[in-house]
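Structure record follows, encoded as structure tokens.
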Amino acid sequence: MAEPKDAGERRAVEPVICYPVTDLPQPDLALYQRAAEGAVVTGEATAQPREAAYLEVPAGSFLRITSVDGAQVGDLNLFNARDLGERFYSGKTRALHGTHVSTGERLWSNFPYLRPMATIVKDTLDWYGIDQYGGSVHDVIGTRCDPYTGRLLQGSDYHHCCHSNLTRALADHLGISVQEAEPHIHDVLNVFMCTGFTRDTGQYFMKASHVRPGDYIEFFAEIDLLAVLSACPGGDCGAEHTSDVAPCYPLHMSVRTPVEGALTGWVPPVRNAYDGTHGR
């Protein structure tokens, strides 16, 4: 179809940010970072290559995810440890903060809770920014590699994709079947993953992760959290994200507890104040 005469004029209309965040409650990042300096490790778990691990993170402590032996991407699910109905909402986090998150930004929970679950206090990859292709690190746009899309596109079953890894780990933690656990698995934060959208077709792309051993991202737990992390079978996701041949490495999770008094004045966020009547 031919372009209308005013096509250029229409394209030139300036965009409007859908959700200006200037009125969002802002975290006291300086307080969190001071508290993190003296925090000590009180819990640990390691997601082995093509597997997942879980860890409970009490409110007021820190969750650190660290690259261990090589470039490795991780898929993270977060739950309210006391109520699995409250979980990380990647879509709203994306709408508020953008396609990728880093230091000072927050991970938000689903409706009807809609409150910050965690705040990023340190990201050793925040230097990367946005590259010439529109790529950046730690995305909230990808879903997670899963066996259903694999069956759809390749016609075969693969059981060590992130969706299945997360399902098994949650089932193990709760002592339930994978069939009971699976409905709780949700869209993830793609930790250390470098992604974006192509300029011409708008397709989701990935690049080899820039994470190196010793790099980490650290979150402050605003509420009691259950973290479930998969070490993606794609390794650094530079070529594919579901593979038995890509080099893969462990990802380490640690809970770090601040010293007593380090968080004086901090109050956990309450559930969203909307009355829930929906006009009736």
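The values are calculated or read from the model by the stated rules, or taken from the named source; none is laboratory data. Because the structure is predicted, anything quoted here is derived from the model rather than measured. Every residue, glycine as well, gets a Cβ built from its backbone with ideal geometry; the counts of neighbours run over all protein chains shown.
Miscellaneous remarks
- The one condition in (1) of a type outside the set (Phe, Trp, Tyr); (2) surrounded by 13 or more Cβ atoms within 10 Å (Cβ to Cβ); (3) within 23 Å of Leu225 (Cα to Cα) that Gln26 fails to fulfil: (2)
- If you go through region 184-195 and keep only what is at negative phi and either at pLDDT below 95 or not in a loop (DSSP other than H, G, I, E, B) (or both), you end up with His184, Leu189, Asn190, Val191, Met193, Cys194, Thr195.
- Any hit, region 35-58, residues being within 19 Å of Thr93 (Cβ to Cβ) and free of Cβ contacts under 8 Å to residues at least 12 places away in the same chain: no
- The residue that is farthest from Leu84 (Cα to Cα), among those in region 197-238 that are acidic (Asp, Glu) and in a loop (DSSP other than H, G, I, E, B), is Asp200.
- If you filter region 1-36 down to residues that are among the charged types (D, E, K, R) and assigned to a loop (DSSP other than H, G, I, E, B), you find that the one that is modelled with the lowest pLDDT is Asp23.
- Once region 100-159 is narrowed to residues that are among the acidic types (Asp, Glu) and in contact with a Ser or Thr (Cβ under 7 Å, 6 or more places away or on another chain), the residue that is surrounded by the most Cβ atoms within 10 Å (Cβ to Cβ) is Asp139.
- Hits in region 100-148 (condition: assigned to a loop (DSSP other than H, G, I, E, B), touching an Asp or Glu at 6+ places or on another chain (Cβ under 7 Å) and farther than 15 Å from Phe219 by Cβ): Asn110, Tyr113, Thr143, Arg144
The rows are residues; the columns are (1) hydrophobic (A, V, I, L, M, F, W, C); (2) touching a strand residue (DSSP E or B) at 6+ places or on another chain (Cβ under 7 Å).
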| position | (1), (2) |
| --- | --- |
| His186 | no, yes |
| Leu189 | yes, yes |
| Cys194 | yes, yes |
| Phe197 | yes, yes |
| Gly202 | no, no |
| Phe205 | yes, yes |
| Gly214 | no, yes |
| Phe219 | yes, yes |
| Leu225 | yes, yes |
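- Looking only at residues of region 37-56 that are surrounded by 18 or more Cβ atoms within 10 Å (Cβ to Cβ) and either at pLDDT below 95 or in contact with a Pro (Cβ under 7 Å, 6 or more places away or on another chain) (or both), we find that the one that is farthest from Gly70 (Cα to Cα) is Ala39.
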